[in-house]
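The values are calculated or read from the model by the stated rules, or taken from the named source; none is laboratory data. The shown structure was predicted, so the numbers you read here are calculated from the model rather than taken from an experiment. Glycine gets a Cβ as well: all are built from the backbone with ideal geometry, and neighbour counts include every protein chain shown.
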Amino acid sequence: MPAFSLEPSQTARCAELRALAEERLRPLAEKGEPGRVNRPLVAELGRLGLLERLFTSGALDLCLMRESLAQACTEAETALALQGLGAHPVHAHGTPAQRERWLPAVSEGSAVAAFALSEPGAGSDAAALGLRAEGEPVGPIGTPGVRAEGEQVGRGASARPVAVPDGASRWRLTGEKCWISNAPEADFYTVFARTTPGAGARGVTAFLVPADRPGLTGTALDMLSPHPIGALAFDAVPVSADDVLGEVDRGFRVAMGTLNLFRPSVGAFAVGMAQAALEATLAHTARRDAFGGKLRDLQSVAHTVAEMALRTDAARLMVYAAATAYDEGAPDVPKRAAMAKLLATETAQYVVDTAVQLHGARALQRGHLLEHLYREVRAPRIYEGASEVQRGIIAKELYADVEVS
């Protein structure tokens with residue numbers, strides 16, 4: 001991989017995005033309700049053309065968008081990322097009808113997407129999915145589902161009723177999904193279910209499930225993270241061959257292909273938060289009086305800030321390298337994507353925590369930037385594969401190239 005540097009046009013675009021986030025997205029984010037989908041914010045992302053770029057740009061551009069937005073408005077960054085994560089399988093593996101129905105609405109911000117992989121007993125071990133897709137005769141699809149509280153699941157651009165053609169493959173989905181971002185308010189879900197029992201990763205199928213399918217209910221979860229996360233219950237939810245994304249029993253490829261694209265950009269999100277924390281720390285230590293001078297005059301503080309900057313830049317370069325490898329179709333993308341997510345998320349945790357330490361108690365007050373980042377930075381070390389999973393992927397890829405005599 002060649003040494004990496006951004007083109008002037010890319011640098012300018014990043015600066016423009018940060019300004020847009022401050023001026024147009026941050027005010028909308030501040031009006032949102034924590035733990036709920038902020039539809040005005042999603043719609044504004046659509047009006048700015050950022051959601052459409054999820055489907056027209058490469059991995060590096062996705063990383064630059066996420067990093068830039070994260071520096072100024074983590075809520076906008078997360079809303080953008082969740083639209084991409086939930087809808088990318090439709091873009092990459094959907095039928096023409098599926099893409100025509102959903103991608104324009106996602107791009108304009110009128111439909112909210114979600115990626116439903118994790119389960120109560122299958123988080124990091126995604127191949128252990130228990131949601132069952134059982135082949136049984138079913139009736140017409142289209143009766144609205146309800147939430148556990150009695151409300152319809154999803155709102156906004158709900159799916160139109162879909163009739164099941166005679167002779168089509170049909171299943172009923174039964175089981176649970178948990179810790180699903182944008183649930184239970186999304187308008188559709190990319191759902192991974194087991195179609196062949198006992199087949200591990202080879203027996204999983206990806207389905208596009210509109211939120212108004214009968215038998216689909218959901219509840220919100222009260223999490224540390226400020227963005228919406230919920231659980232979904234599937235009570236014999238009907239799906240047909242028209243809802244399959246990709247091929248039957250090949251859904252694990254859909255999931256891993258999506259994660260290989262988005263893992264480096266999770267790293268970019270982390271780098272954006274680390275950069276915001278670093279800049280806040282530079283400003284604070286330069287003006288804060290302590291021990292007869294400024295905090296920055298203390299060698300221990302100056303060296304700590306230098307370490308924060310060093311690690312942030314190292315993580316940024318690894319993220320950019322992984323994204324470029326993805327765009328160029330390099331064979332080692334899984335390893336690079338795992339390395340980028342691992343290094344960047346662990347780095348951001350260190351940088352934000354260190355920033356809090358150097359700011360002192362003020363950083364833990366509600367409403368302080370670092371208080372917000374402190375809550376935001378923890379989850380990326382877990383979702384889309386915990387740090388331990390990333391180490392496992394890296395080791396597996398390394399040993400795959402070792403010949404044993």
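Remarks
- Residue that is nearest to Thr347 (Cα to Cα) [pool: residues in the range 383-405 that are in contact (Cβ under 8 Å) with a residue 60 or more places away in the chain and of a type in the set (A, V, I, L, M)]: Ala386
- Helices (runs of 4 or more DSSP H) wholly inside the range 310-405 that include at least 3 residues being more than 23 Å from Thr78 (Cα to Cα): 333-359, 387-400
- Test: residue in the range 339-351 that is in contact (Cβ under 8 Å) with a residue 24 or more places away in the chain and in contact with a Leu (Cβ under 8 Å, 6 or more places away or on another chain): yes
- Criterion violated by Pro210 - all others in (1) farther than 16 Å from Ser118 by Cβ; (2) buried (at least 24 other Cβ atoms within 10 Å of the Cβ); (3) at pLDDT 95 or above; (4) touching a helix residue (DSSP H, G or I) at 6+ places or on another chain (Cβ under 7 Å) satisfied: (4)
- Considering the range 39-127, the qualifying helices (runs of 4 or more DSSP H), each wholly inside and each with 1 or more residues that are over 25 Å from His372 (Cβ atoms) and among the β-branched types (Val, Ile, Thr), run over 74-93, 96-108.
- Hits in the range 197-227 (condition: over 21 Å from Ala122 (Cβ atoms) and not hydrophobic (A, V, I, L, M, F, W, C)): Pro210, Asp212, Arg213, Pro214, Asp222, Pro226, His227
- Of all residues assigned to the range 271-281, none qualifies as being closer than 24 Å to Arg18 by Cβ, touching a strand residue (DSSP E or B) at 6+ places or on another chain (Cβ under 9 Å) and among the charged types (D, E, K, R).
This table checks each residue for (1) in contact with a Leu (Cβ under 7 Å, 6 or more places away or on another chain); (2) crowded, with 16+ Cβ neighbours inside 10 Å.
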| position | (1), (2) |
| --- | --- |
| Met223 | no, yes |
| His227 | no, yes |
| Val237 | yes, yes |
| Arg250 | no, yes |
| Ala255 | yes, yes |
| Ala283 | no, no |
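- Taking the range 314-341 as the range and being within 25 Å of Glu388 (Cβ to Cβ) and of a type outside the set (A, V, I, L, M, F, W, C) as the test, the residues that pass are Arg316, Tyr320, Tyr326, Pro331, Asp332, Pro334, Lys335, Arg336, Lys341.
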